[in-house]
Amino acid sequence: MHYFTDVVKRYVDFNGRARRQEYWMYTLIYVALLIVAIVVDFALGTYPLLYSLLALGLFLPTLGVGVRRLHDQGKSGWWILVGIIPFVGWIWAIVLMATEGTPGPNQYGPSPKAVHA
């Protein structure tokens, strides 16, 4: 759970690097929360109120961890926009997020693996 809370605490931090584990654990918890919100919304008959509030509230942390994940590979945060390319963009974005980061320091800072090791 600390993966999720650590990302939320750094919600407007677009500097530095994020490990694959940090990104994917945050994403797993985020998707689980969205599913719970959808189920509760349908049970209460308020769909898409809770779902929309959760997605909107976690938009900046999600964007921040995505940008930091790209920084880990030495790429600009603007690469996050590759996901909006029709048909193949989301596949390309998944591949980018799953690719191992640059070993050692790069222009965005020291390796987060070295810091946590």
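A short reminder: the numbers here are calculations on the coordinates, not readings from a lab. What you see is a predicted model; the values in this text were computed from it and never measured. Cβ atoms come from the backbone with ideal geometry, glycine included; neighbour counts cover every protein chain shown.
Structure values in brief
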quantity	calculated
Burial order of peptide ranges 12-23, 94-105 (average beta-carbon count within 10 Å, highest first)	12-23, 94-105
Span-like helix ranges in the chain, DSSP H, alpha carbon extent 24 angstrom or more, Kyte mean at least 0.0	20-44
Contour minus Cα-Cα distance for L81 and L49 (0.36 nm per residue)	8.9 nm
Extent along principal axes [Cα atoms of the chain; Å; largest to smallest]	50, 33, 20
Order of K75, K113, K9 under a 10 Å beta carbon neighbour criterion, fewest first	K9, K113, K75
